[in-house]
Amino acid sequence: MIRTKIAGIGMYLPEQIVTNNDLTRYMDTSDEWIQERTGIQERRFANRTAETTATMGVEAARIAIERAGLGPEDIDFIIFATLSPDYYFPGCGVLVQRAMKMKEVGALDVRNQCSGFIYALSVGDQFIKSGMYRNILVIGSEKHSFGLDFSTRGRNVSVIFGDGAGAVVLQPSSNMNQGILSTHLHSDGDSAELLALYNPGTHANHWSDKDLADFDEAALGEMFMSHAMIDNAQNFPYMDGPAVFKKAVVKFPEVIMEALNANGKQASEIKMLIPHQANLRISQFVQQKLKLNDDQVYNNIQKYGNTTAASIPIALCEAWELGKIAGGDLVCLAAFGSGFTWASALLNW
Ligand code: UT7
């Protein structure tokens, strides 16, 4: 039997710190509102031109690969999770392959937003356990700051998100007390439009009664992205925050319990729960529901905001760097977000 272990982990946060007060220069919001509703005090924004989702992923990957005692040439598969890719296509995985001068290995992009990293981890786990690959690089990275509406119109979304990247290297382990015990993946597409970036896209208002995209049907070439879409801010993410919140506080505990039950474990046995950093209030709700102590849940949304696919690897890396996770510890990862999709992973560090 083989398990998949995390052989190396790294993270990258851009230097530029943006406080809540900084955001009040652009929109009608306040430090009090943001802290009270989300717990966020500040977030990082990438350099607008020098840093991209892929380059931040590369920075995190360099550290993870080095900590695994490897070089880029040893990686035999890349999985890249993001909702803010450098290009609509191709994906960021190939940009990492190029930037790191890797061999012509497979590169897969995962588009599962907040649960993207756990989905990516799950895919990597299967490839390792099947024996197909031995050194898989899994990256979660986001450059949200390039695609948010910083006017008051977009304030319910834009105050939440931040930029950053995290990465792990997966390897096989014959030690059954180390590595990923199980992963659990779910989706409910009924709520796809409740947290989404509709445009640019090819939907042509097919899925919803609402006009999610303003385009002139007669004007070929204006189908994918039109001036009207931009005028009406349809190129920015939409989120029904309260609806997402209500579902998240149900699905987080549910998918964590699913992982615990699948492995005959109790919540009290978790050394560290690393929830996707969506909102501090959601994490606190989950903590109460599962009766976990403060030192069993790792939160860093206060410093980095919600970095979507990057939030779990960044939090996992930081918790490990601070010595809050050590060899053999039971670690639970859990996420919920756009799709809706939600997921968990239970592992022994
Ligand atoms: O990781 C992806 C998954 N996403 C999530 O998990 C997000 C889940 N949802 C949330 O975290 C919360 O719903 C938000 C933080 C997004 C919003 O908090 P809320 O307590 O649900 O506020 P709300 O949307 O119900 O808005 C309450 C009020 C509204 O004003 P009125 O209508 O009561 O006058 C909003 O217009 O707060 C207003 N508001 C703001 N005020 C100041 C919304 N955004 C802001 C803002 N600053 N940034």
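A few notes on this one:
- In the range 126-148, the residues that are crowded, with 22+ Cβ neighbours inside 10 Å and part of a helix (DSSP H, G or I): Ile128, His144, Ser145
- The residue that is farthest from Phe161 (Cα to Cα), counting only those in the range 21-37 that are touching a helix residue (DSSP H, G or I) at 6+ places or on another chain (Cβ under 6 Å) and within 9 Å of the ligand (Cβ to nearest atom), is Asp28.
Residues checked against (1) in contact with a Ser or Thr (Cβ under 9 Å, 6 or more places away or on another chain); (2) free of Cβ contacts under 8 Å to residues at least 40 places away in the same chain; (3) assigned to a loop (DSSP other than H, G, I, E, B):
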position: Pro172; (1), (2), (3): yes, no, no
position: Thr183; (1), (2), (3): yes, no, no
position: Pro200; (1), (2), (3): no, no, yes
position: Asn205; (1), (2), (3): no, yes, yes
position: Ser208; (1), (2), (3): no, yes, yes
position: Ala213; (1), (2), (3): yes, yes, yes
position: Glu217; (1), (2), (3): no, yes, yes
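- Within the range 226-248, being free of Cβ contacts under 8 Å to residues at least 24 places away in the same chain and more than 8 Å from the ligand (Cβ to nearest atom) holds for Ser226, His227, Ala228, Ile230, Asp231, Asn232, Lys246.
- None of Ile63, Ile6 is of a type outside the set (Asp, Glu) and either surrounded by 22 or more Cβ atoms within 10 Å (Cβ to Cβ) or in contact with a His (Cβ under 7 Å, 6 or more places away or on another chain) (or both) except Ile6.
Residue-wise test of (1) of a type in the set (Asp, Glu); (2) in contact with an Asp or Glu (Cβ under 9 Å, 6 or more places away or on another chain); (3) farther than 25 Å from Ile63 by Cα.
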residue	(1), (2), (3)
Ser158	no, yes, yes
His186	no, yes, yes
Asp190	yes, no, yes
Gly201	no, no, yes
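- Residues of the range 265-302 that turn out to be within 16 Å of the ligand (Cβ to nearest atom) and assigned to a helix (DSSP H, G or I), as a count: 11
- Per the conditions (1) of a type outside the set (S, T, N, Q); (2) surrounded by 24 or more Cβ atoms within 10 Å (Cβ to Cβ); (3) over 19 Å from Ala343 (Cα atoms); (4) touching a strand residue (DSSP E or B) at 6+ places or on another chain (Cβ under 6 Å), the sole criterion not satisfied by Val157 is (2).
- The set of residues in the range 328-346 that are modelled with pLDDT of 95 or more and either outside any strand (DSSP E or B) or away from the ligand (no atom under 16 Å from the Cβ) (or both) comprises Asp329, Leu330, Val331, Cys332, Ser338, Gly339, Phe340, Ala345, Leu346.
- Residues in the range 231-264 that are among the small types (Gly, Ala, Ser) and not in a helix (DSSP H, G or I): Ala233, Gly264.
- Being at pLDDT 95 or above, part of a strand (DSSP E or B) and over 16 Å from Val159 (Cβ atoms) holds for only one residue in Ile63, Ile9, Ile17, and it is Ile9.
- Candidate set: the range 303-327, residues that are over 13 Å from Met11 (Cβ atoms) and outside any helix (DSSP H, G or I); chosen: the one nearest to the ligand (Cβ to nearest atom): Asn306
- Number of the condition not met by Thr49 [criteria: (1) surrounded by fewer than 20 Cβ atoms within 10 Å (Cβ to Cβ); (2) among the polar types (S, T, N, Q); (3) away from the ligand (no atom under 16 Å from the Cβ); (4) assigned to a helix (DSSP H, G or I)]: (4)
- Thr29 vs. criteria over 17 Å from the mean Cα position of the chain (by Cα), of a type in the set (Val, Ile, Thr) and under 25 Å from Val244 (Cα atoms): yes
- Test: Gly91 is within 16 Å of the ligand (Cβ to nearest atom) and among the small types (Gly, Ala, Ser): no
Results for (1) basic (Lys, Arg); (2) within 21 Å of Ala315 (Cβ to Cβ), shown as yes or no for each residue.
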{"residue": "Tyr87", "(1), (2)": "no, no"}
{"residue": "Gly93", "(1), (2)": "no, no"}
{"residue": "Gln97", "(1), (2)": "no, no"}
{"residue": "Lys103", "(1), (2)": "yes, no"}
{"residue": "Glu142", "(1), (2)": "no, yes"}
{"residue": "Ser158", "(1), (2)": "no, no"}
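The values are calculated or read from the model by the stated rules, or taken from the named source; none is laboratory data. Everything quoted here is computed from the prediction, not taken from an experiment. Here the Cβ is made from the backbone with ideal geometry for all residues, glycine too, and neighbour counts use every protein chain on show.
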